[in-house]
Amino acid sequence: MRFVTAAALSACLAVPVLAAEIPGLPTISVERREQAVRDGFRYDKLAPELKARIEQDDTQRLCTEYRNEPPPEVAARIEKAALEAIVFPEDGKFLGDWKKGEALSLNGYGLRMGDDPKRQVGGNCYACHEMAPTELSYGTLGPSLKGYGKLRDFAQDAIKEVYIKIYNPNATVACSTMPRFGTKKILSIDDIRHVLAFLFDPNSPVNREE
Amino acid sequence: MRARSIVAACLAATWLATGAAAQSDNPVEEYRRLLADPFANPGYLFVDRGEALWHQKRGPKNASLEQCDLGLGPGVLEGAYARLPRYFADADRVMDLETRLMWCMVNLQGFDEATIKKTAFSKRGGQSDMEALVAYVAEKSSGMTFEIPLEHPKEKEAYALGEAVFYRRSSYFDFSCSTCHSLDGRRIRLQELGNMTRQEDAARAMTSWPTYRVSHETLRTMQHRMWDCFWQMRMPDLDYGSELSVALITWLTKNAEGGELAVPGIKR
């Protein structure tokens, strides 16, 4: 037993490759890295829309610099800027059509090289989240959202919270892994409302038993 | 095309023959087990075609690749892939297998670099000489372990640059490589994601490429894997053989050091 514990412990300790173990590694400056990135995508030959995909905005730059763990004052700055720039629905209604929200959650199409810009861009929520208990093909990079609305008694506050989270997750947690669906105009306000309905409509499969 | 359908038939026959005898409770595991059968791996067709291409006199200079130096001396193939990427003095840069093969095709055979880049990844129904050559050379290191000493300063720089890029966030989704590949035991949909900062995960990935991709109906290379990841990240097309691509491959391969190659692999 002691042997097993020791073996497991040493396996855990030995496994990660740490850059510090390699002697004489140079420090790569931000300028050097950015030059390699621009060259690697032939930046000079790209259309403006594609150039913009390569250039980092302030949030991306800071989250890269701190490897997603910014010090408290930087985190507070990112969260504040994100919250202030959120655009809420003009009519104050947060819930759309859950069936459209389900389709958006399953849809991973759009914004890739060669994708048709006229087709609907998906939210691809299932890539990272469990949602309806009937859909078994879900990812685990994000938390499970099974029963999301029901577990929160379909509360208005919770709905608004999730609107903010989907629009710009950095308003909730700086340097979140999740894309900024509203800020980066991946989804429209109407699209976000459909996804919210998928999470919060009592008739949505997300809130029904298996 | 004909060879491909023969392989498909063999694959189906193997499936039928072994499927009933060894039914697993987990159909995904069962699928992977059947794919792992080397006699059913169409990747070996690419190895054979690559061997013919290696020896054939081709290009404007009507030369074979037999004098191509992949790091262990001209024409030495055994174990060469297990020591790549590495620094090459004649090109004064760090090169992975594909960048080096491209260099040999340009310098020994007189092929045009832009054309090689454009045709390196086969389209559906077509063939790529590069995919075949990579399969042939890599297979000569099958059973050997990756060793990437990083002795030259430019090799060290490539490793450090690869790591810096691994954590760089950009484009519509704010993704970096690390978004999907720095956590343990996660999935995207049903696809398991390796944590490339860990030796065992990096080794599992890197020792199985080049690999026959069943869904692509062709053999794919590590350069393709890099291009494909950036495509999913909503980035523009990664330049084939760029410093950026080689830096990432250097970082990944060093992290996979000690892993035993089993190539060509086969994946969904």
Looking only at B:LEU45, B:LEU70, B:LEU133, which one moves most when chain B is put into a Gaussian network model with springs between Cα atoms under 10 Å? B:LEU45
Given contacts defined as C-alpha pairs under 8 Å and at least six residues apart, what's the relative contact order of chain B, whole-number percent? 22
Per residue value of the accessible surface for the stretch B:41-267 (all protein chains in place, 1.4 Å probe), Å²: 37
Buried on assembly, the stretch B:151-166 (at least 10 Å² less accessible surface than by itself, 1.4 Å probe): B:LYS156, B:GLU157, B:TYR159, B:ALA160, B:LEU161, B:GLU163, B:ALA164, B:VAL165
Can you list the residues of the stretch A:135-154 that have at least 20 square angstrom less accessible area with all protein chains present than in their chain by itself, probe 1.4 Å? A:SER137, A:TYR138, A:THR140, A:LEU141
Is the stretch B:75-146 rounded, prolate or oblate when judged by the Cα gyration tensor, a ≥ b ≥ c being the square roots of its eigenvalues, rounded requiring a/c under 1.5 and prolate requiring a/b larger than b/c? oblate
Per residue of A:109-116, count partner chain C-beta atoms within 10 Å of its C-beta, then hand back the mean as an integer. 3
If each part is reduced to its alpha-carbon centroid, the stretch A:70-109 and the stretch B:115-139 end up apart, in Å, by 43
Given the -39500 (n - 2.57) contribution per DSSP H run of 4+ residues, what per-residue ellipticity at 222 nm results for chain B, rounded to the nearest 500 deg cm²/dmol? -13500 deg cm²/dmol
Rounded to whole Å and sorted largest first, list the principal axis extents of the Cα atoms in the stretch A:151-210. 33, 21, 21
Do you know which residues of the stretch A:37-53 lose at least 40 square angstrom of accessible area in the protein assembly compared with their chain on its own, with a 1.4 angstrom probe? A:VAL37, A:GLY40, A:PHE41, A:ARG42, A:ARG53
Give me the angle, in degrees from 0 to 90, between the Cα long axis of helix A:189-200 and the longest principal axis of the Cα atoms of chain A, rounded to the nearest 10. 80
Note: chain B at 37 °C, 0.692 mPa s; Kirkwood Rh on alpha carbon pairs; Stokes-Einstein D in µm²/s works out to 170
Kindly state, as a whole number, the per residue volume in cubic angstrom of the convex hull around the alpha carbon atoms of chain A. 207
At a Cα cut-off below 30 Å, give the lysines reachable from A:LYS51, other chains included and same-chain residues fewer than 8 away excluded. A:LYS80, A:LYS118, A:LYS165, A:LYS184, A:LYS185, B:LYS117, B:LYS118, B:LYS123, B:LYS154, B:LYS156
Give the A-B buried accessible area in Å², both sides summed, 1.4 Å probe, nearest 100. 4700
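Diagonalise the Cα gyration tensor of the protein assembly as shown and give the resulting equivalent ellipsoid semi-axes, square root of 5 times each eigenvalue, largest first, whole Å.
Those come to 41, 27, 23 Å.
Carbon and sulfur atoms: what percent of the 1.4 Å accessible area of the protein assembly as shown do they account for?
About 55 percent, which is the carbon plus sulfur part of the accessible surface.
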Mean accessible area per residue over chain A (1.4 angstrom probe, all protein chains present, square angstrom) is 56
Looking at the stretch B:51-85, which GluC sites (Glu not before Pro) are DSSP coil and have at most 15 other C-beta atoms within 10 Å of their C-beta? B:GLU66, B:GLU78
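The values are calculated or read from the model by the stated rules, or taken from the named source; none is laboratory data. Values in this document were obtained by computation on a predicted structure and should not be read as measured data. All Cβ positions, glycine included, derive from the backbone under ideal geometry; neighbour counts span all protein chains shown. Note: accessible area is taken over every heavy atom of the protein model, side chains too, but ligands, DNA and RNA are not part of it. Shrake-Rupley method; radii C 1.70, N 1.55, O 1.52, S 1.80 Å.
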